[in-house]
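The values are calculated or read from the model by the stated rules, or taken from the named source; none is laboratory data. Keep in mind the model is a prediction, meaning the values are calculated, not measured. Note that each Cβ is placed from the backbone with ideal geometry, even for glycine, and that neighbours are counted across all protein chains shown. All accessible areas refer to the heavy atoms of the entire protein, side chains included, with ligands and DNA or RNA removed. Shrake-Rupley method; radii C 1.70, N 1.55, O 1.52, S 1.80 Å.
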Amino acid sequence: MASLDEKWKAVDKFESVVVDRERDVVRVTKELYDLHSNREQLRGVTSSCDYRLTIPFAPHMFGSGKTTFCHNYLELVRRFGDTFLSKFASDPSRRAFLEKLKRASMFYVNLRELEPTRPIEENRNLEWAVYYLLYRSACNQMGLPFMKPDEAYRHIPLYPSFLIPELRKTLGIPSDQYLLIAFDEVGVFDTKATFFELEKNDKGVVRPYNDFFGIISQLCKEPDLFFIVVGKSKGLSINNDVAFGLSRVILHFISLSPLDASSIVEFLEKSLLKTPTQVPVCNVLCSSSFSVNELADSLLECTGGVPGLLTRAVNMLLNYIIARNQPFISKEECLTCMNDYDFRRICAEPFVEQILNLDEDRKSVFDILLMMALYRIPSKVDNRLTSESYLYDAVTEMGLYRYPIDQNTLQILIPKIFVGIFKKQPSISPMEKILLESLDVEPVDCFFYSKCRVFEGIVALRLVLMLSSKNRNELRELLCQLSPIWKQMKLPISTISPIHYMKSVVSSRETRNESNKSRRTFANTEWNKIIRETLYLETIYIPLDATSHSPDIIFKLQSPVEPKVLTVGVACKGRWKSEGIGWSDIIDEAKKFLDPVYDQVLSSAMDHHHCMLIIVSTKLSLNVSNELGN
């Protein structure tokens, strides 16, 4: 039998394509045009001074496709020139710029290769180190020998007007052709800043990114030269005025959002195997009974559409399918593979290293980000976690992902494939474990579409955890005291992670209808469905809104040894009244709970069906319990 590592391999099997980057291409193109049209201001040859240099910047999110975007940006410009960029090019000057941009040359520079370079100031001059790296990278790209630092310095003084012509000559690029330089791995300054003599501000603080972008701002004065910068850094805040103290440079953050289902379909159909026949990936993975749309839905559910994670998962599935010489026959079979713990572990390992090595300050906000990811809580890009920390930056630094809703609003994304590794971390708190379990439920969008309330959802999750954990048995003991039926049922509850499935009162697709968004109660036929379909412990139903006339939460327990069923209703009260819970609240909640249950269940099952109502306060404690039924 093959070992687990042999079964799940991440060996590259296909040539991937870039999809779904239209919005990013349009925005970056606009920023480059702004530099082009305002370059005279930078050079100081006009009286205008209202332009601030803007550099397109993609912060580090491992696997978000930032390096791939750099390498493919000009190809995407050519691809989208007559479609998504047509509106941008409606102006004659912009059209002329776009046509010239299509013929531009890309020059890629990896800042990991940056190091102090002779002969200036004991090798610690950052500007010369950047210049020499540009020159050496150009020679390497063209396969040419390059001068040693001392000789290069005599030929390339520290002025852009000397460096850029030398780069063009080396790269074989005419002086009037656009040159786009992409700096990757800018995060090296987090660790390499001490290698250089850097400028200090009036407080004696060194900000290496001020120096680096100051160098770029000088280079941008040269004609027909443009820059994109990508990479992670603790020193690069979404609010870069605060982070830099620079008045001359603004960073435009490129969103590089995860892919949606339709984009994944395009990715699977256009990506080809690395074989002479170049078969589309979807043709290898899918049988006649398993469509590419179902495969895309499965991959989206597990990877969140993160390009690097998606590519790795597809490679692992390809290795598995090619080895067994049989495609997937159903979505269930495909998901079974991707839900395998070892598949998830091997697939996620390169992506979660950053978050597993966080400092304590960042780990302390993990539960907040988990909750925002679970409930799809939107955030503005300038929302703060603390007076000195932005939520946007915390997501970047923790190695998580963002999905932009619009230019100023985002949602946090934590791919389900990460959950298993996170849960095994000893530093994970009980609440974080609850939220991680919930992220792993089916379907992944149930909370979002059901408009579930955050407070009620957490109460429900805590109740289930308390019911199912041998180590947290206080709720079970309380239920035993309140209900002899509970004790008689002898439920074999033993697992620490019982939540396999969670859904709203109505299905996720139904809740998209406008009529459901405003509805406040449910018909008897729906209650019949609720009661009959409730799955014993693994499922919790939560109504649509805070004023619903139905119970807040309902779940059902059935004995494996006795013909007894206990339906438990949970009413989350207390947050609406400062004085707490009154008797009238108990009566109202009991009526809302008992009437539909009696109408649909108890009228024909009085001998073995029992009901219990639990009223919970905002402190997540159990205040009042009434047993209803026999």
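Tell me, please, whether a residue that is outside any helix (DSSP H, G or I), open to solvent by 30 Å² or more (accessible area, probe 1.4 Å) and either at pLDDT 80 or above or out of contact with any helix residue (DSSP H, G or I) (no Cβ under 7 Å at 6 or more places or on another chain) (or both) can be found in the range 335-352. Yes, there is a match, as at least one residue in the range 335-352 is outside any helix (DSSP H, G or I), open to solvent by 30 Å² or more (accessible area, probe 1.4 Å) and either at pLDDT 80 or above or out of contact with any helix residue (DSSP H, G or I) (no Cβ under 7 Å at 6 or more places or on another chain) (or both). Every listed requirement among (1) in contact with a Gly (Cβ under 8 Å, 6 or more places away or on another chain); (2) open to solvent by less than 20 Å² (accessible area, probe 1.4 Å) is met by residue 398 save one, (1).
Residue pairs whose Cβ atoms lie under 7 Å apart, sitting 6 or more positions apart in sequence or on different chains, and linking a residue in the range 150-163 that is open to solvent by 40 Å² or more (accessible area, probe 1.4 Å) to a partner that is modelled with pLDDT under 90 and of a type in the set (Val, Ile, Thr), are 162/156. Being surrounded by fewer than 19 Cβ atoms within 10 Å (Cβ to Cβ), under 33 Å from the mean Cα position of the chain (by Cα) and without any contact (Cβ under 8 Å) to a residue 12 or more places away in the chain is a description that does not apply to residue 22.
Listed conditions (1) surrounded by 16 or more Cβ atoms within 10 Å (Cβ to Cβ); (2) out of contact with any Pro (no Cβ under 7 Å at 6 or more places or on another chain); (3) small (Gly, Ala, Ser) are all met by residue 90, apart from (1). Evaluation of residue 61 against the conditions (1) open to solvent by 20 Å² or more (accessible area, probe 1.4 Å); (2) out of contact with any Pro (no Cβ under 8 Å at 6 or more places or on another chain) shows that the sole unmet condition is (1). Taken together, 40, 31 contain a single residue that is surrounded by 16 or more Cβ atoms within 10 Å (Cβ to Cβ) and either under 26 Å from the mean Cα position of the chain (by Cα) or assigned by the TED database to the domain that holds residue 230 (or both), which is 31.
Quick check on this structure: which one of 112, 118, 95 is in a loop (DSSP other than H, G, I, E, B) and open to solvent by 60 Å² or more (accessible area, probe 1.4 Å)? Steps first, answer last, please.
Working: 112 fails: in a loop (DSSP other than H, G, I, E, B); 95 fails: in a loop (DSSP other than H, G, I, E, B).
Selected residue: 118, the only one of 112, 118, 95 that is in a loop (DSSP other than H, G, I, E, B) and open to solvent by 60 Å² or more (accessible area, probe 1.4 Å).
Suppose the filter is at pLDDT below 95, among the β-branched types (Val, Ile, Thr), open to solvent by less than 20 Å² (accessible area, probe 1.4 Å) and within 29 Å of residue 24 (Cβ to Cβ); does residue 77 pass it? Even if it seems obvious, please write down each step before you answer.
Numbers: at pLDDT below 95: no; among the β-branched types (Val, Ile, Thr): yes; open to solvent by less than 20 Å² (accessible area, probe 1.4 Å): yes; within 29 Å of residue 24 (Cβ to Cβ): yes.
It is false that residue 77 is at pLDDT below 95, among the β-branched types (Val, Ile, Thr), open to solvent by less than 20 Å² (accessible area, probe 1.4 Å) and within 29 Å of residue 24 (Cβ to Cβ).
Residues in the range 191-237 that are within 30 Å of the chain's Cα centre (by Cα) and modelled with pLDDT under 75 were compared, and the one that is most open to solvent (accessible area, probe 1.4 Å) is 234.
Hey, among 182, 129, 138, which residue is outside any helix (DSSP H, G or I) and either out of contact with any Pro (no Cβ under 7 Å at 6 or more places or on another chain) or not charged (D, E, K, R) (or both)? If you could, list the steps in order and put the result at the bottom.
Working: 129 fails: outside any helix (DSSP H, G or I); 138 fails: outside any helix (DSSP H, G or I).
Testing whether each residue is outside any helix (DSSP H, G or I) and either out of contact with any Pro (no Cβ under 7 Å at 6 or more places or on another chain) or not charged (D, E, K, R) (or both) leaves just 182.
If the condition is being assigned to a helix (DSSP H, G or I) and open to solvent by less than 30 Å² (accessible area, probe 1.4 Å), then the range 302-313 contributes 302, 303, 307, 308, 309, 310, 313.
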